1. State, in angstrom, two size descriptors of the range 1-125 derived from its alpha carbons: Rg to one decimal place and Dmax to the nearest whole number.
2. Consider just the alpha-carbon atoms of the range 49-88 and return their Rg together with their Dmax, both in angstrom.
3. What figure in square angstrom, to the nearest 10, would you give for the accessible area of Val52 with a 1.4 Å probe?
4. Tell me, what is the FRET efficiency for Val88 and Asp23 to the nearest 0.05, using R0 = 22 angstrom and their Cβ-Cβ distance as r?
5. Would you kindly state how much longer the chain becomes between His34 and Lys200 on full extension, computed as 0.36 nm times their sequence separation minus their alpha carbon distance, in nm to one decimal?
6. What is the percent of Cα-Cα separations in the chain that go past 29 Å?
7. To the nearest 20 debye, what is the magnitude of the charge dipole of the range 125-222 about its Cα centre, counting +1 on the Cβ of each Lys and Arg and -1 on the Cβ of each Asp and Glu?
8. Could you order Asp202, Asp35, Asp222 so the one with the most accessible surface comes first? Probe is 1.4 Å.
Amino acid sequence: MHVLVVEDEPQIAHIVKRALEHDMHVVDVAHDGHDGLSFAETQSFDVIVLDVLLPGRNGIDVCRTLRRMKIHTPVLMLTARDALEQRVEGLDAGADDYLTKPFAVAELQARVRALGRRKAPIADETLEVGDVTVSIAAHRVTRKGREIDLSPREFALLEFLMRHPGQVLTRDQILESVWGYDYSPLANVVDIYIHYLRRKLDRGFGRKMIRTVRGIGYSISD
C-alpha cells in the first residue's frame, strides 16, 4: 500500500516509516499539517497515519479538511494516551481509528493493514497527457492502449508529473512531493527515477513524453 505519515517528531516519524516499510508499504512522510494536507491533495494514498499535535495545522483540522474535500482515505490518528477529548474530536472529524502513544509497532502495523482492507471503493480518477493515460484507483498506466508496468514509486512520479502538464517541475518539488523529506536535496534519486520512467514509458514509441529543462527540472506534455 501507499501510506502517508504526518508526524512532526523525527524519531517517531522514523520508527513509523521503518515499521511500515518492513510491511512492504511505500511510505511518504510530512512533518507538519500544511505539508500533510498538500500531500493528500496531490497524491493517492491507501492509508494516512496522522498525528493530532502538529505545527501549522493540527491533525484534527487536517482530517476535517480532507473530508470536506471528499478525500475519503482511511485515517489512523495518533493521540496522547490520556487525551480522550482528542480521540473523540478526531473520530468526529472523520478519522477511522486511533492509536495512543506510546504504541507497540506490531499494533501500528496491524491497524494500518486493517484500514487498508476496509478502504471503501472510490470512483477511478483518470489523468491523460497526450497518448498516456493513468487510472489512479486502478493503478494502471497505458500508452496508446498498451499497458505499462510501473513500480509504486515510478507510478507516484508519473502521477505527479501528469497532474501538472506543461509545467516545469524542479527537482526539489518532485523530491518533496514524491519522496517526502527522507532524501538529501543533493541526492540524484529524481534523475534516476526519471531515467527508469522514460525507459518504460517511451520504449517502442518515437516521441519522448518527459522533457528535461536543463538546470531546472522536468516537464511532461502532449
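The values are calculated or read from the model by the stated rules, or taken from the named source; none is laboratory data. Just so it is clear, the structure is predicted and the values come from calculations on it, not from any experiment. Every residue, glycine among them, receives a Cβ derived from its backbone with ideal geometry; neighbour counts consider all protein chains shown. Quick note on the areas: whole protein, heavy atoms, side chains included, nothing else; ligands and nucleic acids left out. Shrake-Rupley method; radii C 1.70, N 1.55, O 1.52, S 1.80 Å.
1. Spelled out, the Cα radius of gyration and Dmax of the range 1-125 are 13.0, 40 Å.
2. 10.3, 31
3. We get 10 Å² for Val52.
4. On the way: r = 29 Å, r/R0 = 1.31.
Efficiency, rounded to the nearest 0.05: 0.15.
5. Details: separation 166, 0.36 × 166 = 59.76 nm, distance 3.36 nm.
So the chain would gain 56.4 nm between His34 and Lys200.
6. Working: 7077 of 24531 pairs.
Cα-Cα pairs in the chain separated by more than 29 Å: 29 percent.
7. Numbers: 15 positive and 13 negative charges, 99 e Å.
The dipole magnitude comes to about 480 debye.
8. Values: Asp202 15, Asp35 45, Asp222 130 Å².
Reading off the accessible areas and sorting them downward yields Asp222, Asp35, Asp202.
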